[in-house]
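This report refers to the structure that appears directly beneath it.
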Amino acid sequence: MKIQESDLDLNGKRVLITGAASGIGAAMAKTFFEHNAATILADRDSIELERIAEEVPDSQTIVFDQGEKESIENMCSEAQNPDILLNNAGILWAGPFDEMPSDEITKIVNVNLLGPMQIAHNIGKKMLRRGSGIIVNTSSQLAFHGAAERAVYASTKAGIAQFTKSLAAEWAPKGVRVAAIAPGRTLTNINAGILNSEEKRRMALKDIPAGRLAEAYEMARLALLLSSDVLSYVVGETIISDGGYVLL
Ligand SMILES: NC(=O)c1ccc[n+]([C@@H]2O[C@H](COP(=O)([O-])OP(=O)(O)OC[C@H]3O[C@@H](n4cnc5c(N)ncnc54)[C@H](O)[C@@H]3O)[C@@H](O)[C@H]2O)c1
């Protein structure tokens, strides 16, 4: 059956995007707006959030901290009752595990794993009451093969993949579809370390058969497909989009 333009038309849908002030989340904001969704943009960075909001007319903006339970609850009540949740905000800490400050371990787990769970818990309960909704979590390619100097980050992203699968099994019968994207190395601020160094950039590309890093919009498009009826039978999967990355 031919995919119709209307299959990707999100007119009448409200989408909540976390981490919308930068990178993949900002690309999601623009892409979903271009497909007629009403956008609710949430991030901790108020200045960048307002800058992105200028490019996404009529969006609602909410400043919040995904590492703080109370802040998450306030954000979720301001966002009210979205049809789609793009549970995307996250942070990276890269370096030897034994040199990682113990507070950083707690912070990465709070922001990357507990925060998205709390958001899905709050927004998802409203979706269940309505009997419909879509949640697309942002995991990572590192969820599947791990990497040196990324132990805590990779663990949180593996947690997101398993959370996605388990929650999908529980909520699909109740009308709420849960899936995830697993980006490969994408040109965003989170990778500033790689982007700033020609040597690191070369090393990063060596393992990517596609021969380039991903653009943020390529991840946004995957999230769009998962949020539309085009991929309506994808339940619980974490879809990897990594240019064919292999760990040598
Ligand atoms: N860029 C990549 O290569 C890559 C690869 C795999 C997965 N990811 C994941 O994609 C998601 C988006 O990352 P990105 O690449 O766009 O990075 P980014 O740094 O450009 O954007 C992340 C956004 O999240 C926000 N954020 C961070 N901590 C927050 C907090 N405590 N509360 C609220 N907002 C917070 C930041 O302000 C920022 O706007 C993350 O979950 C990241 O782990 C990225």
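Tabulated results
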| item | result |
| --- | --- |
| Residue that is farthest from GLY244 (Cα to Cα), among those in segment 186-197 that are at pLDDT 85 or above and not polar (S, T, N, Q) | ILE190 |
| Segment 28-43, subset of a type in the set (Gly, Ala, Ser) and buried (at least 24 other Cβ atoms within 10 Å of the Cβ), residue nearest to the ligand (Cβ to nearest atom) | ALA42 |
| Every residue from segment 144-182 that is of a type in the set (Gly, Ala, Ser), farther than 21 Å from LEU225 by Cα and within 16 Å of the chain's Cα centre (by Cα) | ALA154, SER155, ALA158, GLY159 |
| Counted residues, segment 212-221 - those being of a type in the set (A, V, I, L, M, F, W, C) and either surrounded by fewer than 24 Cβ atoms within 10 Å (Cβ to Cβ) or over 20 Å from TYR245 (Cα atoms) (or both) | 3 |
| Matching helices (runs of 4 or more DSSP H) fully within segment 83-173 where at least 1 residues are within 10 Å of the ligand (Cβ to nearest atom) and surrounded by fewer than 16 Cβ atoms within 10 Å (Cβ to Cβ) | 102-109 |
| Scan of segment 208-237 for residues that are of a type in the set (Ser, Thr, Tyr) and closer than 20 Å to LYS165 by Cβ, ordered by number | SER227, SER232, TYR233 |
| Test: SER46 is exposed (fewer than 15 other Cβ atoms within 10 Å of the Cβ) and within 11 Å of the ligand (Cβ to nearest atom) | yes |
| Matching residues, segment 10-60, being β-branched (Val, Ile, Thr) and either touching a Gly at 6+ places or on another chain (Cβ under 6 Å) or more than 23 Å from THR186 (Cβ to Cβ) (or both) | ILE17 |
| Qualifying helices (runs of 4 or more DSSP H) (wholly inside segment 180-248; at least 2 residues being in contact (Cβ under 8 Å) with a residue 24 or more places away in the chain) | 216-227 |
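The values are calculated or read from the model by the stated rules, or taken from the named source; none is laboratory data. Source: prediction; values computed, not measured. No Cβ is skipped: glycine too gets one built from the backbone with ideal geometry, and neighbour counts run over all protein chains shown.
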